[in-house]
Amino acid sequence: MRRMRYLDLTLPTAAENLALDEALLEEAEALGQPAETLRVWEPTGLAVVVGRSSKIADEVHVEACLRLGVPILRRTSGGSAVVIGPGCLMYALVLSLQLRPELRAVRLAHRCVLGTLADALGRLVSGVCCRGTSDLAIAEGDPTKNPRKISGNSIRMRHDHLLYHGTLLYDFRLEWADRLLAMPPREPKYRRGRAHGSFLANLPLEAASIRQALKTAWDATEPHPGWPRDLIARLVAERYAPHTPTLSRRERES
């Protein structure tokens, strides 16, 4: 089987970076054969990223984002709103459903990817565990007592490939989550009503160590031959621009 490709690339804007995740999925679909990629990147500035079906007014402190100039963008996958920025390592996996047909079941896809990540990171730091539907958490001592979230993840399924992407906090200023995000409309049981700042945690690892753990876990040793610039530009223009917070009339009145 062909080895997984690896791409370590951060583009200038959050919109371009979200578009690149989607473009890698579209590129794999267009090839007509299995093509798997691990990509990592780290934002250079703050952004709020909401899920495909998120209601911005319910999940985001829009006025704070406007006042601080923090863009609000909508990703192609599901889940709730997150804040990203420096100290938050982002990863994206494009996985073949021909090579891994069991991943067509979303529950198994979450279990497979998060289990692999938890095992890889758990070799470096104790207490990493899977929690909720699509979270990784870290717990000190007893893992049943108030584990704190270090990673949120979401999925986009296509015909022959899926995109699984998420966050890995390692040196992020957690107070930004309370400033820019409302409490989510749905929360996993292990959250227990905690505010963002007391629910989130940073992995006690360097970014280089996390990158290497991901590469090793997925055997991503094949350099990616390039990235689809034209497709990224089109996706940014069609789906990810503008780069400043805006609300639809329906969302303003909700």
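The values are calculated or read from the model by the stated rules, or taken from the named source; none is laboratory data. What you see is a predicted model; the values in this text were computed from it and never measured. When we count neighbours, we look across all protein chains shown, and the Cβ atoms used for this are built from the backbone with ideal geometry, even at glycine.
Side notes on the structure shown:
- Selection within the stretch 1-51 - surrounded by fewer than 17 Cβ atoms within 10 Å (Cβ to Cβ), out of contact with any Leu (no Cβ under 8 Å at 6 or more places or on another chain) and more than 21 Å from Ser80 (Cα to Cα): Arg2, Arg3, Asp8, Thr10, Pro12, Glu29, Ala30, Leu31, Gly32, Gln33, Thr44
- Within the set Gly45, Gly78, the sole residue that is assigned to a loop (DSSP other than H, G, I, E, B), over 22 Å from Glu222 (Cα atoms) and either under 15 Å from the mean Cα position of the chain (by Cα) or among the charged types (D, E, K, R) (or both) turns out to be Gly78.
- Residues that are assigned to a strand (DSSP E or B) and within 19 Å of Met4 (Cα to Cα), drawn from the stretch 110-155: Ile155
- Elements of the type helices (runs of 4 or more DSSP H) sitting completely within the stretch 183-253 and holding at least 3 residues that are at pLDDT 90 or above: these cover 196-199, 207-217, 229-235.
- Of the criteria (1) in a loop (DSSP other than H, G, I, E, B); (2) under 12 Å from the mean Cα position of the chain (by Cα); (3) at pLDDT 95 or above, which one Leu89 fails: (1)
- Boolean, Arg186 is touching a residue at least 12 places away in the same chain (Cβ under 8 Å) and within 22 Å of Cys65 (Cα to Cα): yes
- Test: residue in the stretch 99-122 that is of a type outside the set (Ser, Thr, Tyr), surrounded by fewer than 18 Cβ atoms within 10 Å (Cβ to Cβ) and under 12 Å from the mean Cα position of the chain (by Cα): no
- Residue check for Ser80: modelled with pLDDT under 95, of a type in the set (Gly, Ala, Ser) and buried (at least 16 other Cβ atoms within 10 Å of the Cβ): yes
- Qualifying residues in the stretch 154-188 (those that are of a type in the set (D, E, K, R) and within 21 Å of Ala109 (Cβ to Cβ)) - the one surrounded by the most Cβ atoms within 10 Å (Cβ to Cβ): Arg156
- Complete set of residues in the stretch 124-166 that are within 19 Å of Tyr91 (Cβ to Cβ) and acidic (Asp, Glu): Asp135
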